[in-house]
Structures are given as C-alpha cells and as structure tokens.
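Notes to accompany the following structure.
Coordinate-derived values only; no laboratory data. Only a predicted model underlies this, so the values are computations on that prediction, with no experimental measurement involved. All Cβ positions, glycine included, derive from the backbone under ideal geometry; neighbour counts span all protein chains shown.
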Amino acid sequence: MNNREFISECENKLKDKFSYVDDIAYFNQQKVLNAFSEQRIALRHFGSTTGYGYDDEGRDCLGKLYAQVFGAESGIVSPHIVSGTHALTVALFGLLRPNDTLLCISGMPYDTLRGVIFGENNGSLKDFGIDFDYCDLSDGEFDCESINSKLDDKVKVVYIQRSRGYELRDALSCKQIGDICKFIRSRGFNGCIFVDNCYGEFVEKYEPTDFGADIIVGSLIKNAGGGLAPNGGYICGKSEYIDLIGRRLTAPSIGLEVGSYSGGYQSFYQGLFMAPHTVAQAVKSSLLIGQAMSELGFKNYPSIEKTPYDITRAIEFGNKDKMLDFIREVQYASPIDSYVTCEPWDMPGYDDKIIMAAGTFVSGSSIELSADGPVKPPYIAYFQGGLTYEHGKYALERILNKLIK
Ligand SMILES: *Cc1c(COP(=O)(O)O)cnc(C)c1O
C-alpha cells in the first residue's frame, strides 16, 4: 500500500466522525447567520473610521454580533487587541484588584500567561498585589476536592483554560466546564468564572458562556477569525464585567465609547461568517493526521477514539529529529515561505526554545495549517489549523513520504 492508499483508508475509517463534525458546522453556521440577521448587519458596518471613533457602528455591532453567537450579554472585538495573550491580560487586569486572588482550576495556565500572572517586576498581576493559586486537573477532570479547599473569600476570578496549551492533556468539553461552574456556584462563589477559550470556538455546538461561564476570551488569528481576520482578539460575557474590561482596554474614564480602525471591519465580519466551516476543516485535518499517526504507532492526543474539544493535536515523537522533520514538512507544505527550513528559537514569552511552522497568509495565524512545540523530551509537536481539509491532507502526504520512505 502506498501512502496515498493509506490516507484513503484512514479517511474511510473516519466517515462517521466527519459527519459528526459536519453536523456541528451546520448548526454553528445557522447560529452565526441568525445573529447576522438579528443584528441587521449591512455594508455600512464594514466602513473604516479614524480618530476617536465615536459612534463607530462597525466596532459596536461586531461586539454585539460575537456576544449573540457566543450566548453572552456583551462583547469586545477589537483589532487593537494584539493577540490572545493581550486579550487575556486586558480581561484579567480589568477584573482583578489588589489583594484579590486569581484561582486557576485547570492546572498551570498557558506559558505566555505565566509572566502576566506572576512575573517579577514586569508589571504582572503579582506586582500589583494580586495573588495566584492553582489546582491541577486529575486524570483530565477538574479536582473538586482541591478546588473546594482553595475557594476562599479572596478568590475573585476562577480561571479555566479550555485548550491544552503545551501540556499533554486533552481540551475540556463545555459539559465539563458547565458542571464545574455549577459546582463552584454551589460553594457560594459569586465572582467571575473566566475561560481562556483559545482553539475551542465552534468545535462544539455551544461555548462555555452557554454553560455558565461569565467571560470567554480568545484570539482572532485562531478559530473565531475564520482565517480572514488580520489580527485582534475578543472578550465576551456579562455586561458588568465587559464594562470593567473595556475601561482597562482604553481608559477608566472612556471605556468602549472610543476606538477607530482605518482598515475597516469587513474581514472581521466575513471571518466570523466563515469560522464554523473553517473550524470544521481544521478539526477534520486534525482527525486525519491523528488517525494516520496512531496507525503508524505514534501516541497522539486526543486519542482517535475520543471526541475532539479543540482544534489542536499533540503528537509524541520521543525523538528530536522526527519531531523536527514533522514540523518542517508542515512548513514545506505551506502556501507562504514554503522554501524555509524551520529552526528552534527563543520566542518571546516562552521558557524553552520553540520551533514553529506557520507558512500562513496572516502572520503566525494558527487557524491556518501550522505546527509547533517546545524542543525538549519527549518531543511533542502540536499540530493545528487548516483553512481547507485538502491542505491538511496534502501536508499529511508529505509527512508520510518523509517519515516512512
Ligand atoms: C494561543 C493560546 C493563547 C494566546 O496566545 P497568543 O499567541 O498570544 O494569541 C492562550 N491560551 C491558549 C491555551 C492558547 O492556545
């Protein structure tokens, strides 16, 4: 059997899983179109604005549109948010005050958040007198006993990271998040339940805000931007919290009344329209790579039997050269910079050297086909994205041709 036949065989085995993914995409596409209709989105919302941007309808309606799609009261969607980390930072600084505690209940947060939360003398939450504590997951589930023991009066924000980050655990489902929200409320917690929603949007039919989370945050160069948004981030949730966060994004006296964008908003609207479909393409690409790598004997997560709850896949190589080969093939299979051979480098915000393949139209976009990981044992590559399933399949064929001659 040659590699192409092997891929066809993997596709045959995935038929049921693919139709499950299509069903979710159709549901989410309807949800997005209903929101466009109810918000009466029109061409004028795409217009560019300058200066203060008072009465910038494109900006305001984009926030309302996202809020409706995500089952939230209000939303901020802004090209002035520079990345997911920045969106999370603005939201945390908006919500927390000196002597409050931030409690993360899904293990240690994503690498770039660590400097935000407990960096030394860099303007972190810690520098402003905000405490941090965390509970590890236990076998991929929330540890209720540990959460209960740490949930004291000082805790003002309970933080949940939906996706795996650079950890070897599976993404959390909205059902798991909903159940833990109920548990936390039953313990009398009346602060903010906050979800880092990166890589999770549109993978399920609902979002954490539909299941009891107060705030969700994500990047527009991942799922929610649909591959078209050129930059930015979103923050959606309860209006009282969005108001506080808006005052941190701009200035305490100004909040969300200002903010112009001379680039115009078309790609942000169109990106949201595309997102349910694009995310389905990425999930199918991830399933195909997962099926193939499992059959070749590489451990990968989520295991191919499980329902995926984000677009990422962690593949364990246990061997540096194989990991680098895999990531380099993703780069060679890319539309942009395909002639580049990736090398590990000291990326800002990360402790280990990171190797990153992202031959993308939007620089660094990881809803586009991309692969990355810290170069250290057991040599795990994190694979995600794919604007089209065909691109994911093409990359896999190249990877197979390299790994098994
Ligand atoms: C990508 C990601 C972020 C934010 O990263 P940026 O590169 O700053 O957009 C935060 N948390 C998780 C889990 C992520 O995957």
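Diffusion of the chain by Stokes-Einstein, at 20 °C in a medium of 1.002 mPa s and with Rh set to the Kirkwood radius over alpha-carbon pairs, works out to 99 µm²/s. Placing R0 at 22 angstrom, the Cβ-Cβ distance between THR307 and GLU9 gives a FRET efficiency of 0.50 after rounding to 0.05. When you filter the chymotrypsin sites (Phe, Trp or Tyr not before Pro) in region 47-90 for DSSP loop state and at most 15 other Cβ atoms inside 10 Å of their Cβ, you are left with TYR52, TYR54. Between PHE18 and ASP179, the FRET efficiency from the beta-carbon distance, with R0 = 30 Å, is close to 0.60. Identify the GluC sites (Glu not before Pro) of region 58-148 meeting these criteria: DSSP loop state and at most 11 other C-beta atoms within 10 Å of the C-beta. Those that pass, being in a loop and sparsely packed, are GLU120.
Pairs of Cα atoms nearer than 8 Å and 6+ residues apart set the relative contact order; for the chain it is 18 percent. Once the other residues with Cβ under 12 Å from the Cβ of SER149 are scored (Lys, Arg +1; Asp, Glu -1), what is the net sum? That sum, taken over residues with Cβ under 12 Å, equals -2.
Of the cross-linked pairs LYS31/LYS299; LYS222/LYS353; LYS17/LYS175; LYS13/LYS393; LYS175/LYS393, those separated by over 24 Å at the C-alpha level are LYS31/LYS299; LYS175/LYS393. How big is the gap, in Å, between the Cα center of region 339-372 and the Cα center of region 256-329? Using only Cα atoms to place each centre, the spacing works out to 13 Å. In loop segments of region 1-105 as defined by DSSP, the trypsin sites (Lys or Arg not before Pro) with at most 11 further C-beta atoms inside 10 Å of their C-beta are ARG40.
Pairs of Cα atoms in region 48-264 fall into 5 Å distance bins, from 0 up to the last occupied one, in shares of 1, 7, 15, 20, 21, 16, 10, 5, 2, 1, 0 percent.
Across region 48-264, C-alpha contacts under 8 Å between residues 6 or more apart give a mean separation that, scaled by the residue count, equals a relative contact order of 32 percent.
Which value, in debye to the nearest 20, describes the size of the charge dipole of region 48-264 about its Cα centre when Lys and Arg Cβ atoms bear +1, Asp and Glu Cβ atoms bear -1, and nothing else is charged? Using only the charged Cβ atoms, the result is roughly 120 debye.
If the segment from LYS205 to GLU343 were pulled out straight at 0.36 nm per residue, it would be longer than the present Cα-Cα gap by 45.9 nm. A straight chain from LYS353 to SER186 at 0.36 nm per residue would run longer than the Cα-Cα distance by 55.9 nm. At 0.692 mPa s and 37 °C, plugging the Kirkwood radius over alpha-carbon pairs of region 265-381 into Stokes-Einstein gives what diffusion coefficient in µm²/s? It comes out at roughly 216 µm²/s.
Packing, as the average of other Cβ atoms within 10 Å across residues, places the peptides 296-304, 211-219 in the order 211-219, 296-304, highest first. Ordering 332-345, 192-205, 253-266 by mean Cβ neighbour count within 10 Å, with the highest value first, yields 192-205, 253-266, 332-345. Calculated [222 nm] ellipticity per residue, helices only, for the chain: -12500 deg cm²/dmol; basis is -39500 (n - 2.57) per DSSP H run with n ≥ 4, divided by all residues, nearest 500. Between ASP136 and LEU43, take the C-beta separation as r, use R0 = 45 Å, and let me know the FRET efficiency to the nearest 0.05. It comes out at approximately 0.35.
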